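The values are calculated or read from the model by the stated rules, or taken from the named source; none is laboratory data. What you see is a predicted model, and the numbers here were worked out from it, not measured in a lab. Here Cβ is always computed from backbone atoms with ideal geometry, including for glycine, and neighbour counts include all displayed protein chains. Just the protein is used for accessible areas: all its heavy atoms, side chains included, with ligands, DNA and RNA removed. Shrake-Rupley method; radii C 1.70, N 1.55, O 1.52, S 1.80 Å.
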Amino acid sequence: MSDTGKVISERMAKSRRDKGWTLRESAERMKVGLSRYSNWELGIRVPKYDDLVKAAEAFDVAPAWLAGFVDHPGNAVSGASDYVMASRPVISTQSGSIRLKNASDSTAFKADYLRRRDIPENKLLLIYADDDAMADVIRRGDELLIDQSRKTPETVDLFAFVVDGRAWVRWVRPELDGSVTVTAENADLYPPQHLTRDQLDGLDMLGRVARISRDR
């Protein structure tokens, strides 16, 4: 077993034990076969890049830690363990892992702030708004903190989706019949869309917009 394979297998096993999952439960959550997952944890096989990202998301750890590149399982800032980087430019989508084109790594958040907001440290994503679809609620260039642990609209709220490798933000409003209406502030250029729950599930939702930051 290579040194890299040994680190990955040990950290996958630790992550699974921390979650209290069985081998089968871990495989099911990652949507892979039991023997395939077992081979990763035993160090017989090294997971491919897409699988590594998928495993990190399932275990709520940073992909870089799972791969052995860093020593902190979250995205802690080097030398400042009470601050967390909201940096996850590589994300898992229904068609595979992609590098988000408008991801940001400019801001770190104090761990205590995240705890007060009930935002998991390993479910953070920062993006830049690169269009004016949501002006004036969100302006081009605004930095948005996405809470990836919240992907189910319960009331009308702002959510981010992946479209053509970029994160788009829209209002999502649940309807009485279980469907949702997706709208932009600029309705002339981006008309409202009515989606069934199955259609909504078919989209790559990143999560809820938890914070909007703006430079002057």
Subset of the stretch 123-156 that is under 14 Å from the mean Cα position of the chain (by Cα) and open to solvent by 30 Å² or more (accessible area, probe 1.4 Å) - its residue that is nearest to Gly178 (Cα to Cα): Thr152
In the stretch 173-189, residues that are at pLDDT 95 or above and of a type in the set (A, V, I, L, M, F, W, C) total 3
Condition met for Val137 (modelled with pLDDT under 90 and among the hydrophobic types (A, V, I, L, M, F, W, C)): no
Counting just the residues of the stretch 39-60 that are open to solvent by less than 20 Å² (accessible area, probe 1.4 Å) and of a type outside the set (A, V, I, L, M), which one comes out nearest to Thr93 (Cα to Cα)? Asp51
Mind counting the residues in the stretch 1-38 that are assigned to a loop (DSSP other than H, G, I, E, B) and buried (at least 16 other Cβ atoms within 10 Å of the Cβ)? 2
Whichever residue in the stretch 157-184 is touching a strand residue (DSSP E or B) at 6+ places or on another chain (Cβ under 7 Å), outside any strand (DSSP E or B) and more than 20 Å from Arg139 (Cα to Cα) and, among such residues, is least open to solvent (accessible area, probe 1.4 Å): Ser179
The stretch 105-122 - residue that is at pLDDT below 90 and among the hydroxyl-bearing types (Ser, Thr, Tyr) and, of those, least open to solvent (accessible area, probe 1.4 Å): Thr107
Does Ser179 fit the bill of being touching a helix residue (DSSP H, G or I) at 6+ places or on another chain (Cβ under 7 Å), farther than 17 Å from Arg197 by Cα and among the hydroxyl-bearing types (Ser, Thr, Tyr)? no
Please indicate, with yes or no, whether at least one residue in the stretch 185-207 is touching a residue at least 24 places away in the same chain (Cβ under 8 Å), surrounded by 13 or more Cβ atoms within 10 Å (Cβ to Cβ), touching a helix residue (DSSP H, G or I) at 6+ places or on another chain (Cβ under 9 Å) and over 21 Å from Lys101 (Cβ atoms). no
Please state which of the following conditions Leu100 fails to meet, knowing it meets all the rest: (1) modelled with pLDDT of 90 or more; (2) under 20 Å from Arg208 (Cβ atoms); (3) surrounded by 12 or more Cβ atoms within 10 Å (Cβ to Cβ). (1)
